[in-house]
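*Asks:* First, the structure itself, so that you have it in front of you.
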Amino acid sequence: MAAIHKQDEHTEKEMATMFLVIGGGIAGVSCAEMLPFHCPGERVTLITASPLIKTVTNVVPCTKTLFQFDVEERPAETLSEEHADMTVLHDTVVSLDTANHRVFTQLGHCISYQKLCICSGGQPKLISEDNPHVIGIRDLDSVKMFQERVSQSRRLVVIGNGGIASEVVYEVEGVEMIWVVKDNHISATFVDPGAAQFFQSSLAKGKVEKEQVSKRMKYTVSSEGPHKGGAALGPDWHGSLYIRGSHIDKRNVTVEYNSEVKCLREGDETWPVYVELTNGKTYGCDLVVSATGVTPNVSVFTAGNPDLETAPDGGLKVDAMMQTTSQDVLAAGDACTASWEPAPHWFQMRLWRQAWQMGGFAARCMSAKEDVLQDFCFELFSHVTQFYGYKVVLLGLYNGQTLKGEYEILVRVTPGVEYVKLVMKDGRMQGAVLIGETDLEEMCENLILDQLDLTDLQEHILDPDIDIDDYFD
């Protein structure tokens, strides 16, 4: 039976394009910006649900795989102003017809394409979709709403143990916080119990205002009115915002470990909502922050297209060339799931950095007449961010991912200054966690990539009085 594809009541506005990119986030814009470079003169069309797009600027390499750069939030039309052969549509996709290479939109466009890249991102997993006291922080609109709600709140319950949850608990002031984590230590998505312990003093003290050069992406919140379907946040989303309650001066954070939300209960005159936890405790609060990750936002594309296969996590399956299981359809960023055999020290993690890398590589693959060599960024997992006021660099199998517990760790800690963890197996470095200004990024990256036997050096590799680079000159 033929698939039925919805069309808007408006008169169809037919368009044709060589390359069609869907999504105004980091992956989509990265892909769209690179296509004119690879195929000058070819028609490129970008569909974005938001009038504002995220574009990466000021890219500076730190190592082979680590980059520092800024992100600017710009009006979507600036892309078409900069690229003569690019059309940007502020619209929403309602249907995809892979068999006939067509996309239908809410405003009545019917767009025929030669190559399509789906960069529709993810949507937050909310513990309750229709509870007015539950908020997810995903895009700039939700940040603005969060800012307004916090200013009127006495107590927040924060659910989740990843980057957004960690930053909320550290950055927000003037309000009591209950942090519910399913693990036995904080920030478990990124760090081990040792690093979590290193962060504990910063968590207790809270944010320290200081001048520093950001090595991460910076955001500016536009003063434009609300818009739907904004692109995902990167780090520093809180950098230009004043997020503070007005009810307490002293910092008050309670962490509930090894616990999850059992249910939400209706509020009363004391608290608008009550959160019952699996450890038996119940907390009343003004606002519940649900920060438990995202799910790929791809249902509109898979509907009616059985040739588009999804992975168990809901993402569109892509091979090493970012190609989905449907001909001429690629995907990048949070919308896709890497389904190729990865390099030994790389794995997918739905982060803004990988979205940028995937989007740019997808553009190369779309424009190539034959398979291209996979980009070097897929050789090594690398990420630089900031938690609790510290620079954090993650390299390779930094938490022993895929090693099945068969590894040892080397650790050096200077309380309040730095935390260094090296993951070793059979005398070779497999990953690293570098917290603070360690200046060890390049050395660790090289040792992971080269897989040199360090058996005879393990006792000295973290000795601050020895320059390990001398051994390799």
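The values are calculated or read from the model by the stated rules, or taken from the named source; none is laboratory data. Model, not experiment: these values are computed from the prediction. Cβ atoms come from the backbone with ideal geometry, glycine included; neighbour counts cover every protein chain shown.
*Asks:* Residues that are more than 24 Å from G267 (Cα to Cα) and touching a Gly at 6+ places or on another chain (Cβ under 9 Å): which strands (runs of 3 or more DSSP E) entirely in segment 122-173 hold 1 or more of them? Please lay out each step first, then the result.
*Replies:* Working: elements: 122-124, 134-136, 155-159.
Filter on segment 122-173 gives 122-124.
*Asks:* Does segment 316-329 contain at least one residue that is among the hydroxyl-bearing types (S, T, Y), modelled with pLDDT of 95 or more, surrounded by fewer than 21 Cβ atoms within 10 Å (Cβ to Cβ) and not in a strand (DSSP E or B)?
*Replies:* yes
*Asks:* Still on this structure, I have one more. Please go through segment 1-21 and pick out each residue that is at pLDDT 95 or above and either surrounded by fewer than 19 Cβ atoms within 10 Å (Cβ to Cβ) or closer than 21 Å to E72 by Cβ (or both).
*Replies:* A16, M18, V21
*Asks:* Checking the condition within 29 Å of F146 (Cα to Cα) and among the basic types (K, R), which residue from R364, R350 passes?
*Replies:* Among R364, R350, only R350 is within 29 Å of F146 (Cα to Cα) and among the basic types (K, R).
*Asks:* Related question: Would you pick out the residues in segment 253-301 that are loosely packed, with under 14 Cβ neighbours inside 10 Å and not in a strand (DSSP E or B)?
*Replies:* N258, D268, E269, T270, N279, G280, S299
Condition check ((1) touching a Pro at 6+ places or on another chain (Cβ under 8 Å); (2) under 22 Å from P36 (Cβ atoms); (3) free of Cβ contacts under 8 Å to residues at least 24 places away in the same chain) across all residues:
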{"position": "V60", "(1), (2), (3)": "no, no, yes"}
{"position": "E77", "(1), (2), (3)": "no, yes, yes"}
{"position": "D85", "(1), (2), (3)": "yes, yes, no"}
{"position": "S95", "(1), (2), (3)": "no, no, no"}
{"position": "T105", "(1), (2), (3)": "no, no, no"}
{"position": "D130", "(1), (2), (3)": "no, no, yes"}
{"position": "G160", "(1), (2), (3)": "no, no, no"}
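*Asks:* Report, by residue number, each residue of segment 330-347 that is assigned to a loop (DSSP other than H, G, I, E, B) and within 16 Å of C119 (Cα to Cα).
*Replies:* Answer for segment 330-347, where residues must be assigned to a loop (DSSP other than H, G, I, E, B) and within 16 Å of C119 (Cα to Cα): just A332.
*Asks:* Of all residues in segment 128-172 being at pLDDT below 85 and among the hydrophobic types (A, V, I, L, M, F, W, C), which is nearest to the chain's Cα centre (by Cα)?
*Replies:* Step by step, filter segment 128-172, then rank; the result is I137.
*Asks:* Can I ask one more? Return the total of residues in segment 381-397 being of a type in the set (A, V, I, L, M) and in contact with a Phe, Trp or Tyr (Cβ under 6 Å, 6 or more places away or on another chain).
*Replies:* Result for segment 381-397: 0.
*Asks:* Another question about this same structure. Looking only at segment 355-410, count every residue that is of a type in the set (D, E, K, R) and in contact with a Leu (Cβ under 7 Å, 6 or more places away or on another chain) and tell me the total. Can you show your working first?
*Replies:* Quick first cut of segment 355-410, residues of a type in the set (D, E, K, R) only: 364, 369-371, 375, 379, 391, 404, 406, 408.
Next, from what is left, pick out any that are in contact with a Leu (Cβ under 7 Å, 6 or more places away or on another chain): 379.
Residues in segment 355-410 being of a type in the set (D, E, K, R) and in contact with a Leu (Cβ under 7 Å, 6 or more places away or on another chain): 1 in total.
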